[in-house]
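All remarks here apply to the structure that follows.
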Amino acid sequence: MAELHKTETNRGGRPRVTDKTAIAAVGLRLFAERGFDSVTMADIADACGIGRSTLLRYFAAKADILWDRSADEVAALAEKLRAAPTSADPVGVLCVELPAMLGYLDSELDLLRTQVRIIAESSNGWPLGSTRFSSWESVVTLFITSRTDHRPGDLFTQLLTQSLFNAGWTALTVWAESDEQRPDRLLQEAFGLVRGGFTST
């Protein structure tokens, strides 16, 4: 997420937000202040100084604001995985590319932290993001099955896919409640555990 950076002024003199990422930032801040379930699309449009119909051209529902960027991230991940050398270890590739996919600019981290907290705390956060996870899961599953002898329904494929997702999400939720500025260290540690296995030491 980026900081608010593009505004215009409507005829009444009220500043209005007209950039998609900036609109998402306004929505996330409202979710954090009032709770996801208490905020309406009309509230977000009003806070942005735009009409509800204008808001709907950017986002069809609140869930699209909460999960903003997920589609772009999945598309970028798919491209990276397609470009990975065929000789490379598939698990190693995933454990490198997945945390890289979650690399954010310093200016985006406050909103990322807010986004993670809202999803973790909202009863509707995960159900509303199920289609986003399905897209991510499809990309990872395709890569695993195209680079190994495993099929989509195999235990290996399903367990690895779930483990990778949980590693990334757990690292982000731990980071969101910590004092660390960036999530990079925790992401690297989480995916390192998936790649190297767990020990009690």
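No value in this document is a laboratory result; all are computed from the given coordinates. Remember, it's a predicted structure, so these values are computed and weren't measured experimentally. For neighbour counting, all protein chains shown are included, and Cβ atoms are generated from backbone atoms with ideal geometry for every residue, glycine included.
So the values come out like this:
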quantity	calculated
Volume in Å³ per residue [convex hull over Cα atoms, computed for the range 69-196]	107
Sequence-distant residues sharing a close amide H with residue 16 (under 5 Å, placed H)	8, 9, 10
Degrees, to the nearest 10: 109-121 long Cα axis against longest axis of the chain	80
Cβ-derived FRET efficiency at R0 22 Å, residue 72 paired with residue 150, nearest 0.05	0.20
Residues of the range 139-157 with amide N under 19 Å of a point placed 7 Å along Cα→Cβ from residue 170	156-157
Amide H partners (placed H, <5 Å) of residue 102, local residues excluded	none
Stretch gain in nm, segment residue 106-residue 53, where the contour uses 0.36 nm per residue and the Cα spacing is subtracted	15.9 nm
Karplus (6.51, -1.76, 1.60) ³J(HN,Hα), θ = phi - 60°, over the range 91-106, in Hz, Gly and Pro reported as x	5, x, 4, 4, 6, 8, 6, 5, x, 5, 4, 8, x, 10, 5, 4
